[in-house]
1. With (1) open to solvent by 10 Å² or more (accessible area, probe 1.4 Å); (2) at pLDDT 95 or above as the list, and residue 295 as the residue in question, which single condition is left unmet?
2. List the strands (runs of 3 or more DSSP E) inside the stretch 181-228, counting only whole elements, that have at least 2 residues being surrounded by fewer than 17 Cβ atoms within 10 Å (Cβ to Cβ) and more than 17 Å from the chain's Cα centre (by Cα).
3. If I ask for residues that are open to solvent by less than 50 Å² (accessible area, probe 1.4 Å) and either outside any loop (DSSP other than H, G, I, E, B) or farther than 30 Å from residue 336 by Cα (or both), which ones from the stretch 102-123 would you list?
4. Restricting attention to the stretch 246-258, report how many residues are at pLDDT 95 or above and either open to solvent by 40 Å² or more (accessible area, probe 1.4 Å) or more than 18 Å from the chain's Cα centre (by Cα) (or both).
5. I'm told residue 351 meets every condition in (1) surrounded by 15 or more Cβ atoms within 10 Å (Cβ to Cβ); (2) under 20 Å from the mean Cα position of the chain (by Cα); (3) among the acidic types (Asp, Glu); (4) farther than 30 Å from residue 130 by Cα except one. Can you identify the failing condition by its number?
6. Identify, please: which residue in the stretch 146-167 is in contact (Cβ under 8 Å) with a residue 24 or more places away in the chain and farther than 19 Å from residue 17 by Cα and is, among those, surrounded by the most Cβ atoms within 10 Å (Cβ to Cβ)?
7. Being in contact with a strand residue (DSSP E or B) (Cβ under 6 Å, 6 or more places away or on another chain) and of a type outside the set (Ser, Thr, Tyr) is true for just one of 281, 217. Which residue is that?
8. Check the stretch 157-164 and report whether any residue there is among the aliphatic types (A, V, I, L, M) and more than 19 Å from residue 28 (Cα to Cα).
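The values are calculated or read from the model by the stated rules, or taken from the named source; none is laboratory data. Since the model is a prediction, treat every value here as computed from it, not as a measurement. Cβ atoms come from the backbone with ideal geometry, glycine included; neighbour counts cover every protein chain shown. Keep in mind that these areas ignore ligands, DNA and RNA; they rest on the heavy atoms of the full protein, side chains included. Shrake-Rupley method; radii C 1.70, N 1.55, O 1.52, S 1.80 Å.
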Amino acid sequence: MGGGVMGTSIAFHLAEAGVRDIVVVERDELGQGSSGKPIGGVRAQFSDPLNIELGLRSLRAYEDFPRRPGAGIGLDTVGYLFLLTGQEQAADFEAAVRTQNGLGVPSRMIGAREARDLCPYLRTEGLVAACYSPADGHARPSLVVRGYASAAARAGVVLATHTTVLGMDTVGDRIGVVHTDRGSLTCGAVVCAAGAWSARVGAMVGVELPVRPVRRQLAFTEPLVPAAPRIPFTIDFASSAYFHNSDDGLLLGLADPAQADGFDTTWTPEWLDLFREVARQRAPALADLRTVGGWAGLYEVTPDHNALIGRSDAVPNFLYATGFSGHGFLQAPAVGEIVRDLHLGRRPFVDVTPLGADRFGTGAAASRPEAHVV
């Protein structure tokens, strides 16, 4: 369930492996939920080794996307640049870089001067250090969804858009029927990839998926003359303010720390005041740029900002891939492989047991928090 980047990736990987009779159930058009954002970052710069491996595997898949499944996705490998304003931040990132390097990620710590060379908009006063990986970048989620969905459809997957799941029937401990507003489907397995709506889906069969919806907003500048330099995906880590190239201007974003939970996706230009306040200190030239609209979407947030990936112990034919806390797009190719393997009884390329939804009841979540959250 779910026709975003996660659902279409899973469907593609299952169909490619020979699984038949796959139906992707999506209540809207494909990619209209959290995957609808105009540009998505792709990176392997994380603090947790498992997230690093998911990001790196997906980066390689996105580089290969024009061949498999066969579509252009607007991938721009400009790198990610994290700006650090405290010694503790710098020490944490230095430790993460050692872990990343050990797993094959070419990240490195750099000084304020080199950070400004990479991103001329920066004001370096107050910068303690920065962290940069040239292998990261950004791509177009809508093109990724379309690429996966088209390849899946060619392999026989049914894409049931404008179809709402109403409930599920179980026989013993297994789901046998999924009821929708357009009829009922018998099934051998159900995969929940419903993003911010996943808690509702899990509740239909008594599976707790602790995901809460949080609105995130971004804006676009008007076309810039002269054109903006090609810059990394640049993030002021302390504030979460970020910016990067977008067509003939810049995309501006920031996570409002006061944002209440909820499914409201109304774009409210007032949040830009928060971005401009940060920009006046860190990138003054951006503070007063005119904007020409924006976008609001939902993060699907878990208590530890790590994903929920696995198979339910209570309902063995219910699998889930959700709760990515802003990292779903950049991890989608790898997760598609993993869910395929879980369904087929294969050993995935990485052990995702620590990402099981039951970890919050056992206390395991506290042992592996993710620090590189934007």
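1. Here residue 295 meets the rest and fails (2).
2. 183-186
3. 110, 111, 112, 115, 118, 119, 121, 122
4. Residues in the stretch 246-258 being at pLDDT 95 or above and either open to solvent by 40 Å² or more (accessible area, probe 1.4 Å) or more than 18 Å from the chain's Cα centre (by Cα) (or both): 2 in total.
5. (1)
6. Selected residue: 165.
7. 217
8. no
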